[in-house]
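Okay, structure first, notes after.
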Amino acid sequence: MDVAIAGSHGLIGSALVADLLARGDTVRRLVRRGAAPSDGTGTPGVRDVLWDPRTGELDPATLEGVDAVVNLAGAGIGDHRWTAAYKQTLLGSRTTTTSLLARTVARLDDPPVLVNSSAVGAYGSRKDEVLTEASTRGDDFLAGLVKAWENATTPASDAGARVVWLRSGLVLAPEDGALGKLLPLLRLGLGGPLGSGRQWWSWITLTDEVAAIRHVIGADVDGPVNAVAPEPTTNRELTRALAQALHRPAVLAVPRFALRIAVGQFADDLVASQRVVPGVLSRTGFSWTHASPQDAARWVVEANEVSAPR
């Protein structure tokens, strides 16, 4: 395959690039001017394509012949407090990039599939309700953000391109990702459930997230696809699985007010309950490497130990 990727230097993008190259595929990384050599020098199988979402710079000719465009670009949800200004950054960093990619795909003679990153935040916090791709949208900030993000793909779908909204859950990885701050605390025996711990967390490991992207590129699917493991679990259960893999206790719960003090409004997302199931992935034959929280916890801990500096 020949795959163009926006957001190729992030957690998921870097893993996807490495995976595609290992399989003998080629990659076109969308990079901003001055960020990298325009010819991808030094990385066999990689070509760097210049773009600038702020000015609308992206030559359609640079995407001719690709099999898929994967959009993973966007400011980090948990990188900063959700001030009014940062909320605009979260929104603009997604809609501006997505709109430019969708318009460019629409201009191609043979539009490739557009796999657009999205999130289970689309559904809002729904307590114990089981959520599928057919479930209604939520009405909180993140649900509104996701709606605008997904709507920005409209030019591509209107032009006949197949468009997938990959609604990812919490992406678990040995470093960074959803566990970037929690894992070191658990290793010290200082971590525990967040808030009540009863909220449902729908998660996926980085390995399976990358595999899901490859899957939807080739599968006959469009619209929303929940990129989550087949076993949603509560925050308490996931934390316990990680602690057990580390051979540490996980009894020090972090109350909601403390989360609010530490991370501001983002705390609402950490204690939101989203029991999301992967209907489309299951129906189209996707196979998970890490299907249970115990599988995921063991992989995260073992991989983290291997990568840790000696």
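Out of T104, T98, one residue alone is at pLDDT 95 or above and within 18 Å of the chain's Cα centre (by Cα). It is T98. Does A61 count as assigned to a helix (DSSP H, G or I) and either in contact with a Leu (Cβ under 9 Å, 6 or more places away or on another chain) or over 17 Å from V113 (Cβ atoms) (or both)? For A61, the condition - assigned to a helix (DSSP H, G or I) and either in contact with a Leu (Cβ under 9 Å, 6 or more places away or on another chain) or over 17 Å from V113 (Cβ atoms) (or both) - is met. Against the numbered list (1) touching a helix residue (DSSP H, G or I) at 6+ places or on another chain (Cβ under 9 Å); (2) open to solvent by less than 70 Å² (accessible area, probe 1.4 Å), T96 comes up short only at (1).
Give V70, V49, V115 a once-over and let me know the one that is farther than 23 Å from L142 by Cα and either open to solvent by less than 20 Å² (accessible area, probe 1.4 Å) or part of a strand (DSSP E or B) (or both). Quick ask: steps written out before the conclusion?
Numbers: V70 fails: farther than 23 Å from L142 by Cα; V115 fails: farther than 23 Å from L142 by Cα.
The match here is V49.
When each of L108, L131, L91 is tested for being in contact with a strand residue (DSSP E or B) (Cβ under 6 Å, 6 or more places away or on another chain) and open to solvent by less than 60 Å² (accessible area, probe 1.4 Å), the lone residue that passes is L131. Any residue at all in segment 31-44 that's outside any loop (DSSP other than H, G, I, E, B), under 21 Å from the mean Cα position of the chain (by Cα) and of a type in the set (A, V, I, L, M)? The answer is yes, given that some residue of segment 31-44 is outside any loop (DSSP other than H, G, I, E, B), under 21 Å from the mean Cα position of the chain (by Cα) and of a type in the set (A, V, I, L, M).
Kindly indicate whether L242 is in contact (Cβ under 8 Å) with a residue 40 or more places away in the chain, open to solvent by 20 Å² or more (accessible area, probe 1.4 Å) and among the aliphatic types (A, V, I, L, M). Judged against the criteria, L242 is not a match. Screening the candidates S14, S93 for the property of being closer than 20 Å to A211 by Cα and hydroxyl-bearing (S, T, Y) yields one hit, S14.
Filter segment 271-290 down to the residues that are in a loop (DSSP other than H, G, I, E, B), modelled with pLDDT of 95 or more and surrounded by 14 or more Cβ atoms within 10 Å (Cβ to Cβ) and list them by number.
Let us first name the residues in segment 271-290 that are in a loop (DSSP other than H, G, I, E, B), namely 271-274, 277-278, 284-290.
Going one step further and asking which of them are modelled with pLDDT of 95 or more, we end up with 277-278, 284-290.
Those that are in a loop (DSSP other than H, G, I, E, B), modelled with pLDDT of 95 or more and surrounded by 14 or more Cβ atoms within 10 Å (Cβ to Cβ): V277, P278, T284, F286, W288, H290.
Within segment 195-239, the set of residues being of a type in the set (S, T, Y), surrounded by fewer than 22 Cβ atoms within 10 Å (Cβ to Cβ) and in contact with a Gly (Cβ under 7 Å, 6 or more places away or on another chain) comprises T234 only. Exactly one residue out of P249, P184 is at pLDDT 70 or above, open to solvent by 30 Å² or more (accessible area, probe 1.4 Å) and more than 29 Å from Y86 (Cα to Cα): that is P249. If you check G56, G76 for being open to solvent by less than 40 Å² (accessible area, probe 1.4 Å) and either among the basic types (K, R) or in contact with a helix residue (DSSP H, G or I) (Cβ under 8 Å, 6 or more places away or on another chain) (or both), only one passes: G56. Please verify whether segment 139-153 includes one or more residues that are out of contact with any Gly (no Cβ under 7 Å at 6 or more places or on another chain), of a type outside the set (A, V, I, L, M), touching a residue at least 12 places away in the same chain (Cβ under 8 Å) and part of a loop (DSSP other than H, G, I, E, B). Yes, segment 139-153 contains a residue that is out of contact with any Gly (no Cβ under 7 Å at 6 or more places or on another chain), of a type outside the set (A, V, I, L, M), touching a residue at least 12 places away in the same chain (Cβ under 8 Å) and part of a loop (DSSP other than H, G, I, E, B).
The values are calculated or read from the model by the stated rules, or taken from the named source; none is laboratory data. Just so it is clear, the model here is predicted, and its values are computed rather than measured. Quick reminder, even Gly has a Cβ in these numbers, built from the backbone with ideal geometry, and neighbours come from all protein chains shown. Accessible surface areas use protein heavy atoms only, side chains included; no ligands, DNA or RNA. Shrake-Rupley method; radii C 1.70, N 1.55, O 1.52, S 1.80 Å.
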